[in-house]
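Presented below is the structure to which this report refers.
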Amino acid sequence: MKVTQISIFLENTGGRIAEATSILAKADINIRAMSLADTTDFGVLRLIVSDVDKAETALKAQGFTVGKTNVVAVQVEDKPGGLNAILQILAQADINVEYIYALLKEGHNAVMIFRFDNTDNALKVLEANNIKIFKGEDVYSF
Amino acid sequence: MIFNIDFETLPREALAAIQLKRLKATLEKVYATVPFYKNKFDEAGFSPSGLKTLADLERVPFTTKQDLRDNYPYGMFAVPMANVVRIHASSGTTGSPTVVGYTARDIETWAELMARALSAGGAGRRDIIHNAYGYGLFTGGLGVHYGAEKLGASVIPVSGGNTKRQIVIMKDFGPTILTATPSYTLHLAEVAKEMGVSFKDLSFKFGIFGAEPWSENMRGELEEALNIKAVDIYGLSEVMGPGVAIECYEAQNGLHIFEDHFIPEIIDPVTGKALPYGETGELVFTSITKEAFPVIRYRTRDITSLSTEPCICGRTHVRMKRVSGRSDDMLIIRGVNVFPSQIESVLMKTEEVEPHYQLVVDRVDNLDTLTVKVEVSESLFSDEIKILQGLEAKLSHDIKEYLGVSAKVKLVEPKSIARSEGKAVRVIDNRKI
């Protein structure tokens, strides 16, 4: 029930994100979700894409450093307290969240991407609490 | 004023006669007491008794920094430890540092030469010397200190660092001579300005600057900012320490090498062939009076030229031009010697790092800064910022620990470091010196 995220190392120079996205556009890859974490010197662009392998190959061919990480796509109710309910469950189970970002909305629900330090434990806890988790294929092409 | 008028103004023929006598004695001594030199001379088929003229020195094999390292710590000493009264060492190396020793007579000689140097740089008995060279294993602080006392001047042993306190001392104690590295001096000038202290109101007349490369432009800057005359001093611990050569304030045109104690040569750094006066090449020294740590044809890697033209100050000793560069890739960063290969070995210790790196040296607010760019390979990449920042911090810490120099480590994209003929350009030195 894990989703593969690709991440790219970027220096903080003008136009670098656009270079990455243009490579993906040319390879006909759709970006489903993204988040950018940055420091003064560099950034890490994290992406959920329609075709992980193709995206990885295309980016590497152009000299980018590409990493792959397992993340979890979680259904979150789109109403006040929706995200809080899930975070409370995780906190009580002592599960650490490294970072979160939003995918897109599906009906009355949002889908959020969670990166855990221990993905397997997190999955067990979420499943035990009947939280809906999406499969990779679902997320790559809703 | 000339501190030792007899020796510093010797006619050159008389000087040569003294050199030959002292050189012979030194070669015989090292052959008999230092196995390294005996083996080297034997291999080269050179016998000290075969030295008839100064020109025969060309037949003697060179000594390199690596030779000194290989004989760490005391292998090059020519006297028993019982006769050694002082030990200094070069800092900032990953391999073995270079250890040098001095007998009581060596310390006397050094003090004499340093007194000569201070005197040539404008100092006298009535002067108060603010000595901001570091005291410790580094030869700068203690070298200047003993020379200042020998000269009869008053020395303030302030050492390096604690800049604000130094400004207060300069204001209150009224020093007339400043001895420091040029970059630290410019830093002192800035801090003084911040504190509302103008060097023009202080009592300084002369500054004697060395231990790192500097330029004529920087001289202008120092003389302007400090309202003093800035004099260049040269020395290296392997040969003795500060006081091997000094510019006279009268001419400020080349540094007189104290030839009654050292024989300088200029060689072609590639072929090793000795070059005539006036030609530019690598400076090589043979010490001819040192007891504990004599050096024979020691390759300094410093690039300069020599001139025997008479000087208006009256000294007859040969003058070397300001050092214009190095024949190896050594960098001097805030007084610390750094070889790119040392940084490389630190990076290699962190196994994730592949050795695509580049050193960028700058001078910011008159202090040298070192940035180490490291290309991010897939094995060290992480989607988590904290891991990447942790890696930068770890490498920076390791460099400080092994080399003694602060560096900012900056992760960069693969292939972003310029390559020339397939080889990465290892060093970019943006300092205008």
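The values are calculated or read from the model by the stated rules, or taken from the named source; none is laboratory data. Treat the numbers as computed from the prediction; the structure is a model and nothing was measured. Reconstructed Cβ throughout: ideal geometry from the backbone, glycine too, with neighbour counts over all protein chains shown.
Look at (1) over 16 Å from B:Val295 (Cα atoms); (2) surrounded by 19 or more Cβ atoms within 10 Å (Cβ to Cβ); (3) polar (S, T, N, Q) and you find that B:Thr9 fails only one, number (2). Residues that are surrounded by 15 or more Cβ atoms within 10 Å (Cβ to Cβ) and out of contact with any helix residue (DSSP H, G or I) (no Cβ under 9 Å at 6 or more places or on another chain) were ranked within the range A:1-16; the one that is nearest to A:Lys135 (Cα to Cα) is A:Ser7. Return the residues of the range B:181-203 that are over 15 Å from the mean Cα position of the chain (by Cα) and either of a type in the set (Gly, Ala, Ser) or not assigned by TED's automatic domain parsing to the domain that holds B:Leu236 (or both); say none if nothing qualifies. Selection gives B:Ala189, B:Ala192, B:Gly196, B:Ser198, B:Ser203.
Considering each residue of the range A:19-31 in turn, at least one proves to be at pLDDT below 95, under 12 Å from the mean Cα position of the chain (by Cα) and farther than 24 Å from B:Gln389 by Cβ.
Assessment of the range A:25-38 against the conditions (outside any strand (DSSP E or B) and within 14 Å of chain B (Cβ to nearest Cβ)) yields no matching residue.
Residues of the range A:1-24 that are within 14 Å of chain B (Cβ to nearest Cβ) and among the β-branched types (Val, Ile, Thr): A:Val3, A:Thr4, A:Ile6, A:Ile8, A:Thr13, A:Ile17, A:Ile23. With respect to (1) aromatic (Phe, Trp, Tyr); (2) under 19 Å from the mean Cα position of the chain (by Cα); (3) surrounded by fewer than 18 Cβ atoms within 10 Å (Cβ to Cβ), the lone exception for B:Tyr277 is condition (2). Of the strands (runs of 3 or more DSSP E) lying entirely inside the range B:324-410, the ones with 2 or more residues being touching a His at 6+ places or on another chain (Cβ under 9 Å) and free of Cβ contacts under 8 Å to residues at least 60 places away in the same chain are found at B:367-375. Can you find a residue that is more than 27 Å from the chain's Cα centre (by Cα) and surrounded by 14 or more Cβ atoms within 10 Å (Cβ to Cβ) anywhere in the range B:54-73? Yes, the range B:54-73 has at least one match. Go through the range B:128-156 and report how many residues are without any contact (Cβ under 8 Å) to a residue 40 or more places away in the chain and among the hydroxyl-bearing types (Ser, Thr, Tyr). Residues that pass the stated criteria total 3. All of (1) in contact with an Asp or Glu (Cβ under 8 Å, 6 or more places away or on another chain); (2) surrounded by 18 or more Cβ atoms within 10 Å (Cβ to Cβ); (3) not β-branched (Val, Ile, Thr) hold for B:Met320 with one exception: (1). When you scan the range B:280-290, do you find a residue that is crowded, with 21+ Cβ neighbours inside 10 Å, charged (D, E, K, R) and either within 22 Å of B:Thr63 (Cβ to Cβ) or at pLDDT below 85 (or both), even just one? Within the range B:280-290, one or more residues are crowded, with 21+ Cβ neighbours inside 10 Å, charged (D, E, K, R) and either within 22 Å of B:Thr63 (Cβ to Cβ) or at pLDDT below 85 (or both).
Results for (1) under 16 Å from B:Asn366 (Cβ atoms); (2) crowded, with 19+ Cβ neighbours inside 10 Å, shown as yes or no for each residue.
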| residue | (1), (2) |
| --- | --- |
| B:Thr185 | yes, yes |
| B:Val197 | no, no |
| B:Leu202 | no, yes |
| B:Lys205 | no, no |
| B:Phe209 | yes, yes |
| B:Asn217 | yes, no |
| B:Gly220 | yes, no |
| B:Asn227 | no, no |
| B:Asp232 | no, yes |
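Within the range B:241-283, the set of residues being closer than 26 Å to B:Ala25 by Cα, part of a strand (DSSP E or B) and not aliphatic (A, V, I, L, M) comprises B:Gly241, B:Pro242, B:Gly243, B:His256, B:Phe262, B:Pro264, B:Glu265, B:Glu282. Residue count for the range B:76-90, restricted to those that are touching a residue at least 24 places away in the same chain (Cβ under 8 Å) and farther than 13 Å from B:Asp106 by Cα: 3.
Checked against the criterion of being in the same structural domain as B:Ala16 (by TED's automatic domain parsing), over 28 Å from B:Val99 (Cα atoms), touching a His at 6+ places or on another chain (Cβ under 8 Å) and at pLDDT 95 or above, the candidates B:Phe173, B:Phe206 yield just one match: B:Phe173. So, in the range A:39-60, of the ones that are more than 9 Å from every other protein chain (Cβ to nearest Cβ) and small (Gly, Ala, Ser), which residue ends up surrounded by the fewest Cβ atoms within 10 Å (Cβ to Cβ)? Taking the candidates together, the pick is A:Ser50.
Out of curiosity, is B:Ala32 hydrophobic (A, V, I, L, M, F, W, C), within 25 Å of B:Trp110 (Cβ to Cβ) and at pLDDT below 95?
Considered against the rule, which asks whether it is hydrophobic (A, V, I, L, M, F, W, C), within 25 Å of B:Trp110 (Cβ to Cβ) and at pLDDT below 95, B:Ala32 comes out as no.
Scanning the range B:361-418 for residues that are away from chain A (no Cβ under 14 Å), within 22 Å of B:His187 (Cβ to Cβ) and hydroxyl-bearing (Ser, Thr, Tyr) yields a count of 2.
List the number of the failed condition for B:Gly50; all other conditions in (1) at pLDDT 95 or above; (2) exposed (fewer than 13 other Cβ atoms within 10 Å of the Cβ); (3) in contact with a helix residue (DSSP H, G or I) (Cβ under 8 Å, 6 or more places away or on another chain) hold. All conditions pass for B:Gly50, except number (1). Screening B:Glu223 with (1) more than 29 Å from B:Ile263 (Cα to Cα); (2) touching a residue at least 24 places away in the same chain (Cβ under 8 Å) gives one miss only, at (2).
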